[in-house]
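Enquirer: What follows is a structure written as structure tokens; I'll ask about it next.
The values are calculated or read from the model by the stated rules, or taken from the named source; none is laboratory data. Source: prediction; values computed, not measured. Cβ coordinates were reconstructed from backbone atoms using ideal geometry, including for glycine residues, and neighbour counts include every protein chain displayed. Just the protein is used for accessible areas: all its heavy atoms, side chains included, with ligands, DNA and RNA removed. Shrake-Rupley method; radii C 1.70, N 1.55, O 1.52, S 1.80 Å.
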Amino acid sequence: MNLLDFLTPSPEIAKREGPDDTIVISSRVRLARNLKNISFPGWATKQDRIRAMDLMRPAVENLPQMKDGFSTIMDELSPLDKQLLIERHLISREHAVKSAGSAVVMSKGEIFSIMINEEDHLRMQALLPGFQLESAFNKIDEVDTLLEKQLDYAFSSKLGYLTACPTNVGTGIRVSAMLHLPGIVLAEQINQIIQAVNKLGLAVRGLYGEGTDALGNFFQVSNQQTLGEEELQILERLQKVVAQIVEHESNARTLLLEKQKTAVLNHIGRAYGILANAYSMSSKEAMNLLSLFRLGIDYGFFPNTIRALSDELFLICQPAHLQKLYPNTNEPEERDIVRADIIRERLKDIKGPITK
Amino acid sequence: MLCNICKQKRATLHFTKIVGEKVHKIDLCEDCAKKQGLADGSIDVTDFLLGLDVSQPSDEPEVEELKCPVCGYTLSHLKKSGRLGCPECYNTFADMLEGILKSMHKGVRHVGKIPNAQHSGKTVAEKIRKLQEELEHAVAIEDFERAAVLRDEIKRIRVKLNESEDKKL
Ligand SMILES: [Zn+2]
Ligand SMILES: [Zn+2]
């Protein structure tokens, strides 16, 4: 099967809804697991990696969650397909460069993705739209419980699940939420937020790009500690912090509108102006402008425009998505032109931001 | 043991550092250590050892590098990559990992999910017995902080055990 035929079409993905999805784009819980008696993938020989993969892959493919799923070894994916999966958050950048003895299995609808022989033998994730960390945890925990019946996990009563990197040992859990925080960024409070969250032992990163240069004002908050704390405690801590950030972002948006309405309209209006009229646009510029357009939609400045429009544009403006849609755009310059064309076309019936 | 530098006074400070594939050892008297800036940590032991070249095969035989008996991963691999070679490496490099884990995580003992296979009645009983032993030892050496953690852990497992027994009924 063709990968593109399997993946949910971009317009459908953009329409998915979840709690607090104006601010929380998605919730993800990932578990790291390894097999007993086989070296971790980074140190194992090629034969050992293949042996491990042959043990794990059938077990993963036969999960009820993977019914109608997609399973492939990494060698069989083209660089473009790998990039597409990265843009969908279904594999990591590290996994994309793996070859012999590595695989990925994904569920129809893309909630589940299990990487085989990434840094660990198994990296399994559940990814849901909006603020649904607990549900994502329950889903991936179920998968793990089914897999442990068939696979002999490396586990120590003292250190828990043993992982290739000591940063993941113990529960092997990484809980993360992807957030859209244009209000906090415009109010110039993002550095304070990042510092406060860091103090709680959680990490904040730009989802695309680094630190405060976060493209499109997208940030990812996740736990860093995995040992000495139960899964549910880690989950709760993250939920609390995300809820606080959501509140902060809402307040920032309200306050900006009250106190600096002209400035906000100016930002959003200019972003709209470029998006609706440009003839060449890099993905970086598109991300940043679309972020303001999305904020404008959330503010109700663009009547009869739904957020799915901005979210679909976010998705299809990324290089691999664009190249899949328009196969003749191998060069970045060509893609910049096509990208601008697509956005202009989608925005042609939308008027500039208005307020009552 | 005499000081490696002045070769007169008794060595009271002992430094070990792994540089590349070799384990370097140096024994100093307090005065010489101070003179070299080692006593107060103002200079790095590595730099000092590299400069001094104590690796000359004068007296001590070369110490073999720590290596995982299962997968062959070495201490220098670990230092270079920050990763481990196989599950057994956690035992092999336990001494070194303890400090790393302590600085990285909330605790140094796993609490949380346990694979079912390791959770059956027999293994749980075994686990409780092991923890009991550890608890007694902690009390004996007056490590009460550790003892409290162990006591809570035993309690937690007992409660869990009872819950799962209840479910069966
Ligand atoms: Zn001396
Ligand atoms: Zn090993």
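Enquirer: Kindly indicate whether B:L13 is modelled with pLDDT of 70 or more and either among the small types (G, A, S) or within 16 Å of ligand 1 (Cβ to nearest atom) (or both). Talk me through it step by step, then tell me what you get.
Expert: Values: modelled with pLDDT of 70 or more: yes; either among the small types (G, A, S) or within 16 Å of ligand 1 (Cβ to nearest atom) (or both): yes.
Judged against the criteria, B:L13 is a match.
Enquirer: Name the helices (runs of 4 or more DSSP H) wholly inside the range A:100-207 in which the number of residues that are open to solvent by less than 10 Å² (accessible area, probe 1.4 Å) and within 13 Å of chain B (Cβ to nearest Cβ) is 1 or more. Give the derivation first.
Expert: Details: elements: A:133-148, A:182-186, A:190-199.
Where helices (runs of 4 or more DSSP H) fall fully within the range A:100-207 and carry at least 1 residues being open to solvent by less than 10 Å² (accessible area, probe 1.4 Å) and within 13 Å of chain B (Cβ to nearest Cβ), they are A:133-148.
Enquirer: Could you run through the range A:12-37 and say how many residues are crowded, with 23+ Cβ neighbours inside 10 Å, within 14 Å of chain B (Cβ to nearest Cβ) and assigned to a loop (DSSP other than H, G, I, E, B)?
Expert: 1
Enquirer: Sticking with this structure for a sec: Can you find even one residue in the range A:319-340 that is assigned to a helix (DSSP H, G or I), within 23 Å of A:L179 (Cα to Cα) and either open to solvent by 20 Å² or more (accessible area, probe 1.4 Å) or assigned by TED's automatic domain parsing to the domain that holds A:H89 (or both)?
Expert: Within the range A:319-340, the subset assigned to a helix (DSSP H, G or I) is A:319-325, A:332-340.
Going one step further and asking which of them are within 23 Å of A:L179 (Cα to Cα), we end up with A:319-321.
Adding the requirement that they be either open to solvent by 20 Å² or more (accessible area, probe 1.4 Å) or assigned by TED's automatic domain parsing to the domain that holds A:H89 (or both) leaves A:319.
Among the residues of the range A:319-340, at least one is assigned to a helix (DSSP H, G or I), within 23 Å of A:L179 (Cα to Cα) and either open to solvent by 20 Å² or more (accessible area, probe 1.4 Å) or assigned by TED's automatic domain parsing to the domain that holds A:H89 (or both), which makes the answer yes.
Enquirer: Something else now. Looking at (1) surrounded by 13 or more Cβ atoms within 10 Å (Cβ to Cβ); (2) more than 15 Å from ligand 2 (Cβ to nearest atom); (3) modelled with pLDDT under 90, which one does B:E145 not meet, given that it meets all the others?
Expert: Condition not satisfied by B:E145: (1).
Enquirer: What single numbered condition from (1) within 14 Å of chain B (Cβ to nearest Cβ); (2) within 19 Å of the chain's Cα centre (by Cα); (3) surrounded by fewer than 17 Cβ atoms within 10 Å (Cβ to Cβ) fails to hold for A:A243?
Expert: The one condition A:A243 does not meet is (1).
Enquirer: When only residues in the range B:69-92 that are facing another protein chain (nearest Cβ under 7 Å) and assigned to a loop (DSSP other than H, G, I, E, B) count, which is farthest from ligand 2 (Cβ to nearest atom)?
Expert: Kept after step one, since they are facing another protein chain (nearest Cβ under 7 Å), are these residues of the range B:69-92: B:71, B:73, B:82-87, B:90.
Retained after the next criterion (residues that are assigned to a loop (DSSP other than H, G, I, E, B)): B:71, B:73, B:82-87.
Numbers: B:C71: 3, B:Y73: 5, B:G82: 15, B:R83: 11, B:L84: 6, B:G85: 4, B:C86: 4, B:P87: 7 Å.
This residue is B:G82.
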